[in-house]
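Participant: Quick one: the structure is below, questions incoming.
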Amino acid sequence: MGIAFFTLLVLVVQYELSYDAFHQSADRTYRVVEIIDTQDIGERSASVPIGLGPTLKTLYPNYIDQSVRFFNHQAYSHVISISDKKYNENHLYFTDDDFFKVFNFPLMEGDKETALSEPGAVVITKELAKKYFGEKSALGKKILYEKKHYLKVTGVIDKDNCPSHLDFEILVSFSTLLITNRELFYKEDWVWNPCWTYITLKEDVQPEELEADFEILLQDPTKFPEYLRDYVELYLQPIQEIHLYSDLDFEMSPNGDYMYIYIFSAIAIMVLLIAAINFMNLSSVRYSTRVREVGIRKAIGANQTELINQFIVEASILSILSMFGAIVFLELLFTFVQDFLSNSGFVLRDADPQNLFLLVGLSGLFVGALSSFYPLFYLSGFKPLEGLHDTSPKGYQQKRFRKWSVITQFIISMFLLFSTYVAKRQLDFMKDSDIGFKPENIVMIPMGEVRFQSNNFERLKDKFASLPNVESVTGMDEVLGVWVQNYPYTFIKNDKKLPSAFFASIVTYPEVFNVFDFQVLAQNQRNANDIPSREIWVNEKFIHFMGFETPEEALDLKVYTYYGYQKISGVLKDFHYEPIHKPIEPFIIDVNNKYRLLNSFSNKFLALKIKKGSNWNILEKQLELKWTQVVEYRIMDTFFLKDKIEDTFKKEEQLAKVSLIFSIIGVIIANMGLFGLSSFITVRKNKEIAIRKALGMENFQAMIFVSKEFFVLVGSACLVAWPTAYLAMKLWLDNFPKAVNIDIGAYIFSGGLTLLMTMLTVSYHVVKTGIKNPVEDLKAGV
């Protein structure tokens with residue numbers, strides 16, 4: 001069991017470490033990252049301006065081999081139609097024709113050289129090919145994009161065994177934008193950064209060489225605007241580091257975390273150690289009954305080498321049997337724990353068989369080597385007379401060794417239980433934390449291409465608002481509480497224009513204050529005829545950032561934005577506009593009081609606040625009916641804001657689940673060995689207990705006498721496990737802006753559960769010994 005669990009976790013770790021390693025030029029492939037730091041605020045963006053990729057390739061031909069961009073219109077989903085069927089696809093990207101020169105995803109159908117070279121070309125995954133066309137070949141088939149443009153399938157990709165942070169299902173040739181959005185194709189906007197851009201360096205070119213020359217591009221007056229030029233930094237991020245080490249704004253897909261690799265590796269080693277120590281203890285008990293056998297064999301001429309060879313063969317047979325058992329158990333185990341590993345794309349059937357057998361073999365040899373340690377170096381070293389004299393040697397070194405091995409098992413078990421408790425508390429804390437508004441009854445509806453149709457956008461808003469179970473509706477450019485954009489703002493304080501700065505911001509409408517129950521700290525009092533067409537609201541952090549002492553001081557502060565001059569109309573209590581993992585920074589709500597003035601790129605979502613207790617199934621059908629009255633060609637997407645916020649806790653949830661299941665397994669394995677060991681210890685104390693009972697010891701006292709040794713072992717383990725686990729979990733908690741305190745519950749849970757499991761494990765032998773008639777043991781001469 002221990003070998004199987006160890007192998008499974010190591011396979012998962014190997015899978016996580018293998019992301020994007022299959023590309024032939026992975027060691028030379030980098031993502032271009034843009035850092036904008038203005039007055040210690042700004043953004044760390046995984047995406048860059050749309051024209052940066054081709055510009056880099058043209059400007060630095062001696063450094064760069066290939067350049068590839070990914071662009072998705074910053075849309076939540078895209079409509080694909082096949083005959084009369086419609087699908088909302090969330091993983092569609094436009095990409096350059098050099099895609100297959102940089103990324104080595106296998107192409108099942110089509111030609112890599114030409115698959116993305118023409119406008120209207122599209123490459124899909126084999127899963128989508130089956131969904132769209134069944135078992136028929138997808139090559140040459142037509143699909144309809146956004147009910148306007150036909151695309152021709154020129155390739156089918158097989159992404160199996162290709163772990164990558166590139167989370168795509170549909171790739172459309174970048175030149176297709178010449179058809180769908182010609183203006184965007186030639187757009188020269190160096191502030192807007194919607195493209196994920198990758199480059200492959202030439203052989204022997206170091207990334208530092210290219211980064212040193214980026215200054216030429218950054219200071220080009222035809223590129224980045226003057227107010228931004230001195231605050232922008234470009235750097236190259238190795239593609240193989242993205243999945244585990246990148247936590248930038250606007251990641252293409254949720255990434256893993258290197259810290260969890262260390263944690264899973266540590267858990268794997270701990271489980272294997274528990275299994276090995278368990279096997280070693282049971283082996284020492286089993287071989288201790290063979291002391292007389294060793295003495296007789298030595299007396300008739302067997303030497304130490306022959307005995308060692310015998311014990312090695314026996315241990316090898318057991319190890320081989322355990323390896324076969326581990327392989328069988330591994331298949332059953334993966335089915336059971338697959339839900340716990342759902343965040344990982346790892347699938348057991350995709351594991352390399354050679355690697356699988358190697359891991360099982362090495363772990364089996366390790367356990368076998370430890371289990372044979374006692375007979376090899378202790379029993380085989382007995383002198384013949386020592387072996388013939390006593391079948392149960394009581395050497396001090398043997399007893400001390402056995403105690404320390406049991407203590408080690410307890411330490412590992414308690415460490416895992418302690419970590420599980422803290423991880424679960426932190427997860428619950430994050431889920432239950434007050435984020436500054438209540439997301440429970442807020443439904444988000446992605447607009448897709450409807451955002452470019454201002455009349456339809458307003459019609460949908462009005463139709464949804466007319467439903468009796470909808471309290472309020474607003475539009476916004478992003479999903480508050482999950483992700484937001486950063487926009488440049490220039491504030492004027494004391495008649496002095498401050499340097500422009502990029503602030504986290506959301507562009508929305510006045511109904512946002514009805515949908516999100518923000519707490520207002522200060523606001524201007526205006527009548528209906530005095531409301532400006534646009535206004536700015538800020539949070540408390542902004543007040544501190546600007547050096548104001550009270551919220552009222554910020555009211556009517558002038559600010560220049562993309563839409564012209566505006567003023568601050570109100571101040572809100574701080575709330576988490578991004579996941580709780582991130583600290584709260586200065587934040588701006590840019591409110592448009594007239595719908596037609598809002599940029600269509602900002603109409604990405606409608607946010608609906610529904611009445612508490614509403615029947616969602618009925619309401620959803622009502623919303624769909626209203627939707628189809630306005631937008632016939634597109635399926636309505638919906639998601640609850642609370643669910644989307646909770647999705648940001650997946651890594652912590654996975655850690656809590658994995659810690660829990662492997663803590664339980666560790667305790668079970670440890671107690672399986674403890675059961676056999678307790679039998680051996682109580683048998684050896686039978687005669688002593690019989691004499692004590694004959695002299696007046698009560699049954700209860702006898703049970704305490706037998707149990708106290710295990711109490712001491714658990715107590716000794718606590719002295720090591722608790723401070724070690726505390727330091728490890730404190731280090732983990734330091735990664736969160738808000739974290740729980742490690743309370744006494746962690747100590748009670750880990751120590752108490754270990755003690756309880758220990759007592760339940762040894763209780764059978766303890767009770768049996770305690771109530772046994774002493775005459776039986778004295779007559780037996782034990």
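Participant: What's the local net charge at residue 153, with K and R +1, D and E -1, over the other residues with C-beta under 10 Å away?
Facilitator: +2
Participant: Any idea which of 466, 559, 499 is furthest toward the positive side of the dipole for segment 442-611, if Lys and Arg beta-carbons carry +1 and Asp and Glu beta-carbons -1?
Facilitator: Going by the Cα projections, it comes out as 466.
Participant: Please order 91, 544 by the number of other Cβ within 10 Å, starting at the fewest.
Facilitator: The fewest-first ordering by Cβ neighbours comes to 544, 91.
Participant: Based on the Cβ-Cβ distance of residue 142 and residue 21, what FRET efficiency does E = 1/(1 + (r/R0)^6) give at R0 = 30 Å, to the nearest 0.05?
Facilitator: Given R0 = 30 Å and the Cβ-Cβ separation, E is 0.25.
Participant: Along the positive direction of the dipole of segment 442-611 (beta-carbon charges: Lys, Arg +1; Asp, Glu -1; about the Cα centre), which of 510, 539, 605 reaches farthest?
Facilitator: Of 510, 539, 605, it is 605.
Participant: State, to one decimal in nm, how far the label point of residue 126 lies from the label point of residue 227, with both points 7 Å from Cα in the Cβ direction.
Facilitator: Label-label distance for residue 126 and residue 227, simple model: 5.2 nm.
Participant: Right, here's the next one. What FRET efficiency, computed as 1/(1 + (r/R0)^6) with R0 = 22 Å and r the Cβ-Cβ distance, is obtained for residue 624 and residue 85, rounded to the nearest 0.05?
Facilitator: 0.85
Participant: To the nearest 20 Debye, how big is the dipole of segment 442-611 about its Cα centre, given +1 on the beta carbon of each Lys and Arg and -1 on that of each Asp and Glu? Don't skip to the end; give the middle numbers.
Facilitator: On the way: 19 positive and 20 negative charges, 89 e Å.
Rounded to the nearest 20 debye, it is 420 debye.
Participant: Residue 553: net charge of surrounding residues, Cβ under 14 Å, Lys/Arg +1, Asp/Glu -1, itself excluded? Display every interim value, and only then the final one.
Facilitator: On the way: positive: 493, 558, 567; negative: 540, 549, 552, 556.
Its environment carries a net charge of -1.
Participant: Within segment 130-244, how many Lys pairs that are eight or more residues apart, or on different chains, come under 15 Å at the alpha-carbon?
Facilitator: 8
Participant: For the residues 404, 732, what sequence is obtained by ranking on other C-beta atoms within 10 Å, fewest first?
Facilitator: So the ranking, lowest neighbour count to highest, is 404, 732.
Participant: Compute, for segment 2-245, the length of the dipole vector about the Cα centre, with Cβ point charges of +1 (Lys, Arg) and -1 (Asp, Glu) only. Units Debye, rounded to 20.
Facilitator: 1520 debye
Participant: Within a 10 angstrom radius of the beta carbon, how do 260, 245 rank from fewest other beta carbons to most?
Facilitator: Details: 260 21, 245 13.
Going from sparsest to densest Cβ surroundings: 245, 260.
Participant: Return the FRET efficiency for the residue pair residue 178, residue 611: r is the Cβ-Cβ distance, R0 is 51 Å, and the value is rounded to the nearest 0.05.
Facilitator: Details: r = 47 Å, r/R0 = 0.92.
About 0.60, to the nearest 0.05.
Participant: Where does the charge balance sit around residue 117 when Lys and Arg score +1, Asp and Glu -1, over other residues with C-beta under 13 Å from its C-beta?
Facilitator: -3
Participant: Among 64, 53, 166, which residue has its Cα positioned farthest towards the positive end of the charge dipole of segment 2-245, with +1 placed on the Cβ of Lys and Arg, -1 on the Cβ of Asp and Glu, and the dipole taken about the Cα centre?
Facilitator: It is 166, whose Cα lies furthest towards the positive end.
Every number here is computed from the coordinates shown, using simple stated rules; none is lab data. The structure displayed is predicted, hence computed values, not measured ones. Methodologically, a virtual Cβ is constructed for each residue, glycine included, from the backbone with ideal geometry; neighbour enumeration extends over all protein chains shown.
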